[in-house]
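Quick notes on the structure that follows.
The values are calculated or read from the model by the stated rules, or taken from the named source; none is laboratory data. Computed from a predicted model, the values in this text were never measured in an experiment. Here Cβ is always computed from backbone atoms with ideal geometry, including for glycine, and neighbour counts include all displayed protein chains.
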Ligand code: ADP
Ligand code: MG
């Protein structure tokens with residue numbers, strides 16, 4: 001228990017530090033990108049154009065890292081807390097990826113149980129689901145099925161569950177040990193910050209995250225979040241809030 005606490009405090013510090021860092025880098029990076037784009041436009045030689053494209057690619061990579069680092073650092077309780085309808089949040093997020101899915105011949109299947117609202121920072125919770133959805137889709141470059149299911153569990157301390165399951169590459173034991181470590185990625189354009197962010201936010205929500213995966217047979221992420229505020233949040237007021 002104590003170790004867990006120390007770990008989460010450390011993670012928070014790392015988060016804050018990286019966000020400060022990322023914030024400082026973002027603006028100069030935008031300027032640099034603007035100028036390189038300009039130079040590329042007026043470049044004449046094919047070789048120069050190729051080199052500028054290379055630089056632009058690297059800048060985009062830096063931008064992804066900066067974005068992910070910024071995501072890490074939103075404070076636990078930003079005061080920006082609302083009743084969240086998890087099902088409609090998921091629908092919104094899946095909509096963002098629907099075109100990419102169609103292009104990749106990936107079928108998205110949803111099965112939603114009725115859920116009470118959860119109180120919390122909507123953007124943070126979005127980050128959890130976005131990262132898991134993105135990873136699932138990225139694991140199926142040749143197409144497949146992404147299943148997103150929600151269910152409510154009333155026994156004991158009530159909690160709800162979001163399962164995000166893909167039929168993609170899956171992960172080995174060795175990979176599973178490493179996920180969530182900062183910068184651990186197997187993708188050429190990955191940042192290896194997605195799951196670290198997911199783990200941290202789920203912890204902030206006092207939830208749990210389980211992974212079930214094997215090479216060749218896909219991956220299932222299982223997010224469980226306590227819904228102890230359900231009684232207060234089921235009022236008609238907050239139900240209409242979304
Ligand atoms: P990134 O997506 O930038 O690589 P993440 O932290 O989101 O970083 O994921 C880390 C690594 O975990 C990925 O590079 C991949 O190897 C593995 N991984 C995560 N989700 C999945 C998944 N659904 N299927 C297979 N591998 C996954
Ligand atoms: Mg990712």
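Residues that are away from ligand 1 (no atom under 13 Å from the Cβ), in contact (Cβ under 8 Å) with a residue 60 or more places away in the chain, in a loop (DSSP other than H, G, I, E, B) and surrounded by fewer than 20 Cβ atoms within 10 Å (Cβ to Cβ): does region 208-229 have at least one?
Looking through region 208-229, at least one residue is away from ligand 1 (no atom under 13 Å from the Cβ), in contact (Cβ under 8 Å) with a residue 60 or more places away in the chain, in a loop (DSSP other than H, G, I, E, B) and surrounded by fewer than 20 Cβ atoms within 10 Å (Cβ to Cβ).
Tell me, please, whether a residue that is modelled with pLDDT of 90 or more, within 27 Å of residue 16 (Cα to Cα) and part of a helix (DSSP H, G or I) can be found in region 96-107.
No: region 96-107 contains no residue that is modelled with pLDDT of 90 or more, within 27 Å of residue 16 (Cα to Cα) and part of a helix (DSSP H, G or I).
Out of (1) assigned to a strand (DSSP E or B); (2) closer than 27 Å to residue 102 by Cβ, what's the single condition that is false for residue 128?
All conditions pass for residue 128, except number (1).
Restricting attention to region 182-207, which residues are touching a residue at least 60 places away in the same chain (Cβ under 8 Å), part of a loop (DSSP other than H, G, I, E, B) and surrounded by fewer than 18 Cβ atoms within 10 Å (Cβ to Cβ)?
Of everything in region 182-207, those that are touching a residue at least 60 places away in the same chain (Cβ under 8 Å), part of a loop (DSSP other than H, G, I, E, B) and surrounded by fewer than 18 Cβ atoms within 10 Å (Cβ to Cβ) turn out to be 182, 189.
Okay, residues lined up against (1) assigned to a loop (DSSP other than H, G, I, E, B); (2) surrounded by 15 or more Cβ atoms within 10 Å (Cβ to Cβ); (3) away from ligand 2 (no atom under 16 Å from the Cβ); (4) at pLDDT below 95:
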site: 78; (1), (2), (3), (4): yes, no, yes, yes
site: 82; (1), (2), (3), (4): no, yes, yes, yes
site: 91; (1), (2), (3), (4): no, no, yes, no
site: 110; (1), (2), (3), (4): no, no, yes, no
site: 114; (1), (2), (3), (4): yes, no, yes, yes
site: 133; (1), (2), (3), (4): no, yes, no, no
site: 146; (1), (2), (3), (4): no, yes, no, no
site: 155; (1), (2), (3), (4): yes, no, yes, yes
